[in-house]
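Read the structure below first, then the notes.
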Amino acid sequence: MRKSIGRRVGVSLAAVAVLAGVTSCQKGADKAEGEQGSARTPTQALTAAYKKTAAAKSAKVTMALSMPASMPGGGETKMSGVMGWDPMAMDMTMDQSPLGARAEGAEKTHMIWLDNVVYMDMGKRSEALDGKRWGKIDLRAAATLAGDDKLTKQLTAGLGDGNQDPAQQLAMVLGSPNVKHLGAGEVNGQHAEHYKGTLTADEALASLKTAEALPPAEREKLIANIKKAGVKGYDYDVWVNGQDYPVKMDVGVSTPQGRIDTTTTFSDYGAKAAVQAPPADDTVDLMQALKEFMGRGK
């Protein structure tokens, strides 16, 4: 029972960490050469998409994540729900892979991110969780725990910087020195233009160091996260519809443990992200519970 709880919490949080992202930035870029016959350069088109997405602040999303088996929660995870940004808020349902573990008795896991706290529906109530349905991790509190605590590092890696969003991912694409327009296509019935950009870790760091839109403290934090994660490079594919909104985004991150791939489709930009925390009296602090399960809180 204890191992089951620890495993499914770790899998869920690992997925959230990828969802949140640890290495996004906000930055303009030098204009890239447009495709012949295109009305706008790739940089102009993606800058317009960045502005529209940043202003929308929310959307409905469907996401598929693929993580190396060597990482916590490695394998395939699918998510769908609503996401808000600036500030970050999520209400997602996750379908986890055979490499992971679902909430006991459930095929899916319900996850909520609000006010820098992550909540997970743990499924069947148990005495181990004081008979409560929801578990939570306060990211601010977790960040203050001892730096040598491996459990804390595993469960909170990348979660402390939740102010990530698709607008910032677009900004990262704009930081690419080789952003290109690859032509038109159709995504979920919508006509969309396909753009691609790649960055090495050094190029990403250089972009962050010169970024003007990002506050210095946040910029330095993101630079530190890139170095800490050992990221080797990024691949971005973005499909933008006729209203200048991204309708699909593929992000590939090369790490020492292997490649992390995320495919996200977006719809209903500006839809209200009505994210609410579960009842406090039906919620238990998972960090404390996990320490006890692992024999660390005794």
Which is modelled with pLDDT of 70 or more, assigned to a strand (DSSP E or B) and within 28 Å of residue 75 (Cβ to Cβ), of 247, 240, 275, 231? 247
Among the strands (runs of 3 or more DSSP E) contained in the range 105-199, which hold 3 or more residues that are over 23 Å from residue 86 (Cβ atoms) and at pLDDT 85 or above? 180-187
Pull out all pairs, ordered by first then second residue, where Cβ-Cβ is under 8 Å, the residues are six or more apart or on different chains, the first lies in the range 76-91 and is at pLDDT 90 or above and surrounded by fewer than 21 Cβ atoms within 10 Å (Cβ to Cβ), and the second is of a type in the set (Asp, Glu) and in a strand (DSSP E or B). 81/91; 82/91
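The values are calculated or read from the model by the stated rules, or taken from the named source; none is laboratory data. As the structure is a prediction and not an experimental result, all values here were calculated from the model. Counting neighbours? That spans all protein chains shown, and the Cβs are built from the backbone with ideal geometry, glycine included.
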